[in-house]
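Contents: one structure, followed by commentary.
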Amino acid sequence: MIWSFIKIALFLTVVAAITLGAAHLAETGEGIRLAVAGMEFTLGPLQSIIAAVVAFGAVWLVIRLVGFLVALLRFVTGDETAISRYFDRNRERKGYEALAEGMLAVASGEGRLALSKAARAERFLARPELTNLLTAQAAEAAGDHKKAIEVYKRLLGDDRTRFVGVRGLMRQKLAEGDTDTAMKLAQKAFALKPRHEEVQDVLLKLQAQKGDWSGARGVLSAKLRQGLLPRDVHRRRDAVLALQEAKGVLDQGASVEAREAAIAANKSSPDLIPAAVMAARAYIDKGNAKHAARVLQKAWEAQPHPDLASAYAEIAPQEAAADRLKRFAPLLALRSDHEETRLLRAELHIAAEDFPAARRALGDLVETHPTQRALAIMAAVERGEGADDAVVRGWLARALTANRGPQWCCDKCHNIQAQWAPVCDNCGGFDTLSWREPPHATGSTLPHGAEMLPLIVGDPAPPATPSAPPAPDDQILDAELARDPTATPDAVLAARGVEREN
C-alpha cells in the first residue's frame, strides 16, 4: 500500500516537473544546452520536450527490464513471482478446460474420452476432490468398474467427498450383486446424509430383501419426518413392515408379541388383507370372536378376498352349514354386488345344499366373467341338482382353460405370486403386490376353490350296466396333457370323474 502511494507521488512529481519545464521553455523561447564528454548539445524547446519524453521512456524500460531480471532470478531460485503466477494461471486454465470437457463427455456417455480428459485435468489441477470425482464417473461410463472402485476409495480420505465415495462404492457393489456389502455401505451413507432420497430408497429396498424389518421401519419414519413420503403411504408401508415383523416374531415362538404386532399392523392399515387375517386370528386365539369379526368385516368392506372369508369361517369352525350361512350374513351385506361376495354366497349355499339359491347367487357370472372358480361353482350346482355327468364335465372342461380371476399380481412387473409378500419375487419391488386380475390369468388350477373339488367331483356312480364307461373327449384330454406335462391321463380323468378303461 505504501509502495503504491510512493510510486503515484513520484509519477505526479515527474509529470509536474516536465509540465513546468515545458512552460518555461515556451515562454523564454530558449533551448537547453547539454555538455557530455567534452561535447555540447543545444536543443530547442520542441526538441527538449521530445528528448524528455524519450528519456522518460528509456528510464521506464530500464526499470521494467531490471524488474524482469530480478523476477527471473527469483523464479530460478524457487520463489513465487509474476512468472510463476503466469504459468500457474495457464496450467489452471488448461486444467479447468479439461475438467469441463470431461464433464461434458460423461454427460454424453463418452467414457473413454472422459477418462482422458480427467487424466489431463488431474495433471494440470491440484484439486483431487474434483479430478477424482470426474475420474470415477468417467470410469463408470467406460465400464471400468475396477478403476471406479479404486478412485471412490480415494475419495473416502476427504471429509468433503466421503459421502460421494461411500455412495459410489455402494452402487458398484449393487452392480456386482454383492447386496450384503451394499447394505452396509448404504447404512454408512444414510448415517452421513440421512436426507438423501436415493440412499434412503436403496437402503429400504435392501433391508426389505434381507428381512431387516425393524431397520426398514426406521428409514421409513425418517422419510416421513423429512416430508419425502405422504402420510397415508407411510401408514400403509409401515403396516406392511410391522406385519412382516410380527411374522418374524411368530416364527421365533413368541406368540403373544406376534399377536400384538399383528393387531398393531392392522390398526395402521385396516385394508391390508394379510394384516387383517393375522390380526383376526390373533383375536381368535385370545377368545375375542367379536373383535375378530369386526376386523374382517372392515377389511372386507375395503377389499373382499377369499382369505378374509377363510379367517371368518375360523371364528366358529365346528358350526353347521346353515348356522354358518346365518353368521356370514353381516359380511355378505358388505359389498353385496362385488364378485367375490357373490361367489362366497354361492359357496355357502352349496355347503348348505341349497343349490337353487346358489344358482341365484351366482347369477350371470358364468356368462359375464367366466373364471375358473365361477365355472367350478356352476359345475357343483349342476351336480347338486342332479344334472348328467356330461353337463358337469362340460363346465369343468370350460374351467380348465378359463381365466383364473384375481391373484396377487405385481404392479411393476406383473409377476403373479400364490401368496402375498412385501417384496416381489421377480423384480424386488416393495409393497407392489395387489389383488387384481392380471392381463393373462389362465391356467389349470382353481385358486381358493380347491375345497370345492370333493363336492364337484364326488364319488363316481356305479354304471347301470357292465358296459364300458363313455369315452372322454379326446381333445380336452390332449389339451390338458399339453398344458401340464407332469400330469398323467389317469389323473386328468380322475379329476373329471371318469375311470380309464383297462
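Against the test of being under 17 Å from Ala265 (Cβ atoms) and without any contact (Cβ under 8 Å) to a residue 12 or more places away in the chain, the options Leu224, Leu241 yield a single qualifying residue, Leu224. Show the residue pairs that are 6+ apart or on different chains and have beta-carbon atoms under 7 Å apart, the first residue being within region 381-405 and in contact (Cβ under 8 Å) with a residue 12 or more places away in the chain and among the basic types (Lys, Arg), the second being crowded, with 22+ Cβ neighbours inside 10 Å and not in a helix (DSSP H, G or I). Here the result reads Arg404/Thr371, each pair linking region 381-405 to a residue that is crowded, with 22+ Cβ neighbours inside 10 Å and not in a helix (DSSP H, G or I).
Selection over region 198-220 of residues that are free of Cβ contacts under 8 Å to residues at least 60 places away in the same chain and either touching a strand residue (DSSP E or B) at 6+ places or on another chain (Cβ under 9 Å) or within 19 Å of Thr432 (Cα to Cα) (or both) gives a count of 15. Taken over region 152-177, the residue count meeting the criterion of being charged (D, E, K, R) and under 20 Å from Val219 (Cβ atoms) is 3.
Flag: Leu204 does not match the condition of being among the hydrophobic types (A, V, I, L, M, F, W, C) and within 19 Å of Ala139 (Cα to Cα). Of all the listed residues (Ala379, Ala352), the sole one being out of contact with any strand residue (DSSP E or B) (no Cβ under 7 Å at 6 or more places or on another chain), surrounded by fewer than 20 Cβ atoms within 10 Å (Cβ to Cβ) and not basic (Lys, Arg) is Ala352.
From the list Ala82, Ala139, Ala100, Ala107, the one residue that fits, being modelled with pLDDT of 85 or more and either surrounded by 14 or more Cβ atoms within 10 Å (Cβ to Cβ) or more than 37 Å from the chain's Cα centre (by Cα) (or both), is Ala139. Take the residues in region 262-278 that are part of a helix (DSSP H, G or I), at pLDDT below 80 and within 27 Å of the chain's Cα centre (by Cα); name whichever of them is surrounded by the fewest Cβ atoms within 10 Å (Cβ to Cβ). Per the criteria, the residue is Lys267. Of the residues examined, Cys413 is one that is in a loop (DSSP other than H, G, I, E, B), touching a residue at least 12 places away in the same chain (Cβ under 8 Å), touching a Ser or Thr at 6+ places or on another chain (Cβ under 9 Å) and surrounded by fewer than 19 Cβ atoms within 10 Å (Cβ to Cβ). Screening Ala191 on (1) farther than 30 Å from Asn266 by Cβ; (2) touching a helix residue (DSSP H, G or I) at 6+ places or on another chain (Cβ under 8 Å); (3) aliphatic (A, V, I, L, M) shows it passes everything except condition (2). Test Gly253 against the criterion of being modelled with pLDDT of 85 or more, more than 17 Å from the chain's Cα centre (by Cα), surrounded by fewer than 24 Cβ atoms within 10 Å (Cβ to Cβ) and not in a helix (DSSP H, G or I), and give yes or no. No; evaluated as a whole, the condition is false for this residue.
Return yes when Arg281 is without any contact (Cβ under 8 Å) to a residue 24 or more places away in the chain and more than 16 Å from the chain's Cα centre (by Cα) and no when it is not. No: the conditions fail for Arg281.
With respect to the conditions (1) assigned to a helix (DSSP H, G or I); (2) surrounded by 15 or more Cβ atoms within 10 Å (Cβ to Cβ); (3) at pLDDT 90 or above, Ile315 falls short on a single one, namely (1). When Arg294 is tested against the conditions (1) assigned to a helix (DSSP H, G or I); (2) in contact with a helix residue (DSSP H, G or I) (Cβ under 8 Å, 6 or more places away or on another chain), the lone failure is (2).
The values are calculated or read from the model by the stated rules, or taken from the named source; none is laboratory data. These figures come from a predicted structure and were not determined experimentally. Cβ sites come from the backbone with ideal geometry, for glycine too, and all protein chains shown count toward neighbours.
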